[in-house]
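Q: Can you read through this structure? Questions will come right after.
The values are calculated or read from the model by the stated rules, or taken from the named source; none is laboratory data. What you are looking at is a predicted structure, and each value in this text was computed from that prediction instead of being measured. In this analysis, Cβ positions are derived from the backbone assuming ideal geometry, glycine residues included, and neighbour counts consider all displayed protein chains. The area values use the complete protein model at the heavy-atom level, side chains included, leaving out ligands, DNA and RNA. Shrake-Rupley method; radii C 1.70, N 1.55, O 1.52, S 1.80 Å.
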Amino acid sequence: MSGSTVELTKDNFDEIVSGSGFVLIDFWAEWCGPCRKFAPVYEGAAGRHDDLVFAKVDTEAQPELAAAFEIQSIPTLMIVRDNIAVFAQPGALPEAALEDVIKQARALDMDEVRASVAQAQADAEAGQGGERRDGE
């Protein structure tokens, strides 16, 4: 791994992800062929987007993080903006697809995303409340 990416562990995860507005996370393992194929694509993007944080989670060394994010297959790319996961997809993306995902994530209106998350949480809480209905 080059100096352009950060190794995430259970010890530094919150500090790095919470302290950065835009983080791409590559969940990977040494034994994973598609992960090794994706690595140079990811490193190349890290070199082109030095304003973003590119991080890697070795799922073998950090099983707690992989479990916390319910990672079922690797590689999985996750993008976190303002502490909200806005993208998560397994599979080794080709360079053009990775660039497109980054472009789309940059273009998100985070105020709209936060409002959507808040609404989803409110809906979930209302659904768990049984008889309680908001607005009645």
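Q: Filtering region 44-85 down to residues that are in contact with a strand residue (DSSP E or B) (Cβ under 6 Å, 6 or more places away or on another chain) and charged (D, E, K, R), which residue is least open to solvent (accessible area, probe 1.4 Å)?
A: Looking at the filtered set, the residue picked out is Lys56.
Residue-wise test of (1) open to solvent by less than 40 Å² (accessible area, probe 1.4 Å); (2) within 11 Å of the chain's Cα centre (by Cα); (3) closer than 26 Å to Pro40 by Cα.
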| site | (1), (2), (3) |
| --- | --- |
| Phe87 | no, yes, yes |
| Ala92 | no, no, yes |
| Leu98 | yes, no, yes |
| Ile102 | yes, no, yes |
| Asp109 | no, no, no |
| Glu112 | no, no, no |
| Val117 | no, no, no |
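Q: Would you mention how many residues in region 94-133 are at pLDDT 95 or above and not in a helix (DSSP H, G or I)?
A: The number of residues fulfilling the criteria is 1.
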